[in-house]
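I have placed the structure first, in the form of structure tokens, so that the comments after it can refer back to it.
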Amino acid sequence: MRKFLVILDDSRECLNAMRFAALRAAQTGADVQVLSIITPEEFQGWIGVADLMRAEARERIEAHFEVFAKWMRDRQGINPELVIREGEAVEQILAQIEEDPDIGILVLGAGTEGNSPGPLVTQMSRNSGSLPIPITIVPGELSRERLEDISKG
């Protein structure tokens, strides 16, 4: 069974990436793995405060994930898996891909502001030649209807 790996963050483009991953997984009989990364700069300070901040970050991620997971279960029949890692985003994405051989496609959402696709797409594109899986970049400006049409094929 292959998995679509999609990144959960606070970006607007995350929404289209989640939709695309769920729609394609439902069409192809695959699974969806949702990866959220807690960055180290979120925990600078005293150890006790850092532990509290880490716990709050996990709670926030789990609540955010549950919104997407409910939609995936109710609308697409997909029961996504949540993975939370700590560290630098690109490093953690690469580690997750390496550690889970069932991951077959990385799905990223392209940014909608300015001339840049966003920092994550830019950084992962630099590594794309050496990745063991393909990357699908979903435009952040695609309408829900267009995304559903594209995902059917």
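FYI, it's all coordinate maths here, none of it is from the lab. The structure presented is a predicted model; accordingly, all values stated were derived computationally and were not measured. Here the Cβ is made from the backbone with ideal geometry for all residues, glycine too, and neighbour counts use every protein chain on show.
Put simply, the amide H of Ile38, placed in the peptide plane, has neighbours under 5 Å in Arg85, Glu86, Gly87, leaving out anything fewer than 5 places away on its chain.
Computed extension gain for Ser143 through Leu15, at 0.36 nm per residue and net of the alpha carbon distance, reaches 45.0 nm.
How large is the charge dipole for the stretch 3-151, taken about the Cα centre, if only the Cβ atoms of Lys, Arg (+1) and Asp, Glu (-1) carry charge, to the nearest 20 debye? Show your work: numbers first, answer last.
Numbers: 14 positive and 25 negative charges, 95 e Å.
Dipole of the stretch 3-151, to the nearest 20 debye: 460 debye.
Just want the answer: with Cβ charges of +1 for Lys and Arg and -1 for Asp and Glu, which residue in Ser143, Trp71, Leu108 is farthest toward the dipole's positive end in the chain? So the residue furthest toward the plus end is Ser143. A helix-only calculation puts the chain at -14000 deg cm²/dmol for mean residue ellipticity at 222 nm, using -39500 (n - 2.57) for each DSSP H run of at least four residues, averaged over all residues. Contact order, relative form, for the stretch 9-153: 35 percent (alpha carbon pairs under 8 Å, 6 or more residues apart, mean separation divided by residue count). If a paramagnetic tag sat 7 Å from the Cα of Glu86 along the Cα-Cβ line, which residues of the stretch 1-39 would have the backbone N under 16 Å from that point? From the stretch 1-39, the list is 36-39.
Please state the shape class of the stretch 109-153: rounded when a/c is under 1.5, otherwise prolate if a/b exceeds b/c and oblate if not, all from the C-alpha gyration tensor. Note, shape of the stretch 109-153 comes out oblate. At Ile150 and Arg126, where each label point lies 7 Å from the Cα along Cα→Cβ, what is the point-to-point distance in nanometres? Modelled inter-label distance: 2.5 nm.
So what is the diffusion coefficient of the stretch 3-151 in µm² per second by Stokes-Einstein at 25 °C and 0.890 mPa s, using a Kirkwood Rh over Cα pairs? Using the Kirkwood radius from Cα pairs, D works out to 155 µm²/s.
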